[in-house]
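The values are calculated or read from the model by the stated rules, or taken from the named source; none is laboratory data. Bear in mind that the values here come from a model prediction, so they are computed numbers and not experimental data. In this analysis, Cβ positions are derived from the backbone assuming ideal geometry, glycine residues included, and neighbour counts consider all displayed protein chains. Note: areas computed on protein heavy atoms with side chains; ligands, DNA, RNA excluded. Shrake-Rupley method; radii C 1.70, N 1.55, O 1.52, S 1.80 Å.
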Amino acid sequence: MKHQGGCKRACGLWLRVVFMIGGLTVAADLPAAQPPAASEPPQVSDRPARPDEIGYRPREGEVVPLNPPAFTWLVDRGATRWAVQWSREPDFRKAETAEDLPFNVYVHARPLEAGRYFWRYRFVTQEGRTSTWSRVRSFVVPTNAVVFPMPTRAEQRARLPQGRPRLFLRPEDLSRLREWAKGPGAAEFATLRAAADRYIEAGPTPEPEHLGSINDRSNREMVRYWWPNREQALRACQEAETIAFVYLITREPKYAAAARRWILHLASWDPDGPTNFRLNCEAGKVMLHRPSRAYDWAWDVLTESEREQVRQVMARRARDAWNSGEVGRGVGHLERPFSSHGNRTWHKLAETAIAFYGEIPEAETWLDYAVHKFYAAYPVWADDDGGWHEGLSYWAGYMGKIVWWCQVAEAALGIDSFRKPFFSRVGEYALYVAPPGSPNMGFGDLSHNTPSRSWGAFLEYFLRRGGHHPDAAHAPEWRWWAEQWRMQPAEGVLGFLYRATLAPLPGARPPTNLPVSKVFHGIGVASLHTTLLDSADDVHVLFKSSPFGSQSHGHNPQNSFQLNAFGEALLTTCVYRDLHGSPFHTRWAWSTRAHNAVLVDGEGQVPHSAMSTGRIVKAILTPAWDYVEGDAVGAYGGRLTRARRKLLFVKPDLVVLCDDLAAPRPATFQFLLHGLSPFQVDEAAGRLRLERPRARLTAQYLAPVPLRFRQWDGYEPPPDRAFPNQWHVEASTQETRDRIQVLTVLQVARPGGEPSWGEAEGIWSKSAVGVRLRGPSGDLWLGFRLGDEGRAELGPVRFDTPVIVQREGR
């Protein structure tokens, strides 16, 4: 079966032949003779995908979570259109084919039957030459896959409202909204009206006067106006939105005239001026989509010539975005979807596409691109457990914007975002990485802060929408988390719409029935706790070894970790940023040296790269102890042939690291720890102490060779703005080796308390390494198997698991 343009036998061209046998007429389909080709057809390369590329999905043998799955592939030179084919048969005798596809991704409009499938793709060049088929890959659709078909372009057109409004609500919603504004929502609507009145009295925020950009970070004058120009554009657009929405509800002439004035004011801004997309994409993104809301909500106050004026400028702004590197005319971004800004641009382009659908010729293509992006390649920084590679600060930044798409797509197109596994678990990462009272937010740029109260605005959408959704079972825990951080509800137009159109908030429920530790496998982050209820009583170990590498804002190196205890940051990381791409940011914060990680001959991992990958290869979570093991060999650029960090958290207060390292030639190794106060260093004993107001730390190094210690503070180079100081300790081997295992024993206690365990003895064998800890009531044996399988021996202890925890009484 062929989709988007007819039906064709899967195995080539066929000819119907009719002939006579014994007076009977017989018809048969025979292969037609193929005309001689002028040249060989183009070849699908099937080259391996780089880490920064979308790759081939479904992956070979993958059991897909969504039905139908997203098909994705790489773009071959000269390809302009594609076909994808799937079949229950490996020879494709009976196949379905989707052809004339404009993008290198495809999601079918109907679910598939459960079972095993085979798929392949091919391309067509600008000259109309059709390539060979790609290699065949297989996948499995399980019976419990979430049904989530993608609407075709024709279905998108049919679902869009014919009248106005189209963004965030439909024409049929208006009567109910107007009644709500007079009744239960009267007080909220009065606040909106009062804001509109203030804006009208003050007049529109003017267009920025000065050019601002960070394209050249050495140009301080341009950098100075970069973000303020974005904020100024946002103020002007929010004024227009508020006035247009008040007009939409009241239909009063006062607001009609003001809405018209503001819309035309925004349309008068120069697309080549301070808000030009290429010059300042942050200001450009605001102007890409926010004026479209006011235009949609107050469409009828404009004359046709005024609408055309707005269309011209919005078409220009949308084309600038479409042709930029953030979108790459659709295919560019869909092949390399791991650009941070590009993952915000697509849905803003979608808002303008919906507002101007049928008025700007390309709007249909822009919307279709956004739908393909959401179904096949969003979110790319995330995993199905709810994790976010770029860290919690950027999770909030992106979730605060994607809620716009979630609402717009559901209202205009009937797309339920919560069918995607990530959105059904969207609050999990925050719950585990920054429990109430946490002193920080883990890995990723700007995660040294604590969760902002303003996050409650976007969380309100997720809570109201997810709290009554069958796929979002933990929404009550998300609400509990938000309340513990005293988050504020949404304000303005969207807050009004949340309360007027969405379900009530779910009841808050503390996470007492959830596991206290969780591994976000897709992003390679393990968050290990003693409690999720209050950081003042928690010991929290956060570990990273990520297949996303250290790209974008998730720059922390692989096999690095952080340690918080009792609401205090003990072993911290550097996620400070003065300006993205500054010398401090690139040469210190991105470096391995700035984190609790390992150097080889004084050199770290390949910085800030999709190629600098790791992975969590083992994870065992139990009530008494947690174990994770990371493999970072891919991050060291060939400096190591083995880079395993094994982390054992024996609850409530003991963490043991085992670094199992091998180099292609003898090398020295440096083990780094960072804190917010000076360490007390006892080099002879291989011991550190760190005192903080609410917690203290003892670190004991156990190595088969002597270690030399060095402590310093500050940043190299320093940032352009003040940040809390950090102290750094490097424990380095002096003797070169090509293989080594080093243990680091970390014990935490409250102020004035002493470690639960006393003397630590390191033990090495051919198959294992471990430590024997002596305590008042007996000994604790902790062993790490060096191989990935088989039996290990450590003194009198025998085990065939990755790790062993064994207690001996006196």
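Laid out as a table, the results:
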{"read-out": "Output for the range 215-256, where each listed residue is of a type in the set (S, T, N, Q) and more than 28 Å from GLY273 (Cα to Cα)", "value": "THR250"}
{"read-out": "Helices (runs of 4 or more DSSP H) completely within the range 144-237 that count 1 or more residues being in contact with a Pro (Cβ under 8 Å, 6 or more places away or on another chain) and open to solvent by less than 50 Å² (accessible area, probe 1.4 Å)", "value": "174-182"}
{"read-out": "Failed condition for ALA363, given (1) in contact with a helix residue (DSSP H, G or I) (Cβ under 8 Å, 6 or more places away or on another chain); (2) under 30 Å from LYS518 (Cα atoms)", "value": "(2)"}
{"read-out": "Test: VAL655 is open to solvent by 40 Å² or more (accessible area, probe 1.4 Å), β-branched (Val, Ile, Thr) and modelled with pLDDT of 95 or more", "value": "no"}
{"read-out": "Hey, ALA430 in contact with a helix residue (DSSP H, G or I) (Cβ under 9 Å, 6 or more places away or on another chain), assigned to a helix (DSSP H, G or I) and closer than 30 Å to THR592 by Cα or not", "value": "yes"}
{"read-out": "Restricting the range 439-461 to residues that are under 23 Å from GLN558 (Cβ atoms) and in contact with a strand residue (DSSP E or B) (Cβ under 9 Å, 6 or more places away or on another chain), the residue that is surrounded by the most Cβ atoms within 10 Å (Cβ to Cβ)", "value": "PHE443"}
{"read-out": "Count of the range 611-626 residues which are open to solvent by less than 10 Å² (accessible area, probe 1.4 Å) and under 25 Å from the mean Cα position of the chain (by Cα)", "value": "2"}
{"read-out": "Filtered residue count, the range 763-785, keeping only those that are touching a strand residue (DSSP E or B) at 6+ places or on another chain (Cβ under 6 Å), open to solvent by less than 20 Å² (accessible area, probe 1.4 Å) and not aliphatic (A, V, I, L, M)", "value": "7"}
{"read-out": "Close pairs from the range 595-616: first closer than 26 Å to LYS518 by Cα and assigned to a loop (DSSP other than H, G, I, E, B), partner modelled with pLDDT under 95 and among the hydroxyl-bearing types (Ser, Thr, Tyr), Cβ under 7 Å, at least 6 apart", "value": "none"}
{"read-out": "Residue match in the range 328-342 (condition: part of a helix (DSSP H, G or I), within 19 Å of the chain's Cα centre (by Cα) and closer than 19 Å to LEU413 by Cα)", "value": "no"}
{"read-out": "Checking VAL136 against (1) free of Cβ contacts under 8 Å to residues at least 60 places away in the same chain; (2) open to solvent by less than 20 Å² (accessible area, probe 1.4 Å); (3) not polar (S, T, N, Q), the condition it does not meet", "value": "(2)"}
{"read-out": "Options ALA240, ALA257; residue that is surrounded by fewer than 19 Cβ atoms within 10 Å (Cβ to Cβ) and under 23 Å from ALA181 (Cα atoms)", "value": "ALA257"}
{"read-out": "Single match in HIS265, HIS289 (criterion: under 15 Å from VAL310 (Cβ atoms) and either in contact with a Gly (Cβ under 7 Å, 6 or more places away or on another chain) or open to solvent by 10 Å² or more (accessible area, probe 1.4 Å) (or both))", "value": "HIS265"}
{"read-out": "Qualifying residues in the range 662-681 (those that are surrounded by fewer than 24 Cβ atoms within 10 Å (Cβ to Cβ) and among the aliphatic types (A, V, I, L, M)) - the one farthest from VAL606 (Cα to Cα)", "value": "VAL681"}
{"read-out": "Top-ranked residue of the range 720-762 - restricted to ones that are farther than 22 Å from PHE649 by Cα and of a type in the set (Lys, Arg), ranked as most open to solvent (accessible area, probe 1.4 Å)", "value": "ARG721"}
{"read-out": "Residue within the range 380-390 that is touching a His at 6+ places or on another chain (Cβ under 6 Å), modelled with pLDDT of 95 or more, crowded, with 24+ Cβ neighbours inside 10 Å and part of a loop (DSSP other than H, G, I, E, B) present", "value": "yes"}
{"read-out": "Of all residues in the range 702-712 being in a strand (DSSP E or B) and loosely packed, with under 14 Cβ neighbours inside 10 Å, the one that is farthest from the chain's Cα centre (by Cα)", "value": "ARG708"}
{"read-out": "Filter result for LEU647 (touching a Gly at 6+ places or on another chain (Cβ under 8 Å) and aliphatic (A, V, I, L, M))", "value": "yes"}
{"read-out": "Within the range 41-122, strands (runs of 3 or more DSSP E) holding 3 or more residues that are in contact with a strand residue (DSSP E or B) (Cβ under 7 Å, 6 or more places away or on another chain), open to solvent by less than 50 Å² (accessible area, probe 1.4 Å) and not hydroxyl-bearing (Ser, Thr, Tyr)", "value": "79-87, 95-101"}
{"read-out": "Strands (runs of 3 or more DSSP E) completely within the range 639-700 that count 3 or more residues being among the aliphatic types (A, V, I, L, M) and either free of Cβ contacts under 8 Å to residues at least 24 places away in the same chain or more than 20 Å from VAL748 (Cα to Cα) (or both)", "value": "654-667"}
{"read-out": "Every residue from the range 463-486 that is open to solvent by less than 30 Å² (accessible area, probe 1.4 Å) and within 20 Å of the chain's Cα centre (by Cα)", "value": "LEU463, GLY466, ALA472, ALA475, TRP478"}
{"read-out": "Unmet criterion (only one of (1) without any contact (Cβ under 8 Å) to a residue 24 or more places away in the chain; (2) outside any loop (DSSP other than H, G, I, E, B)) for TYR394", "value": "(1)"}
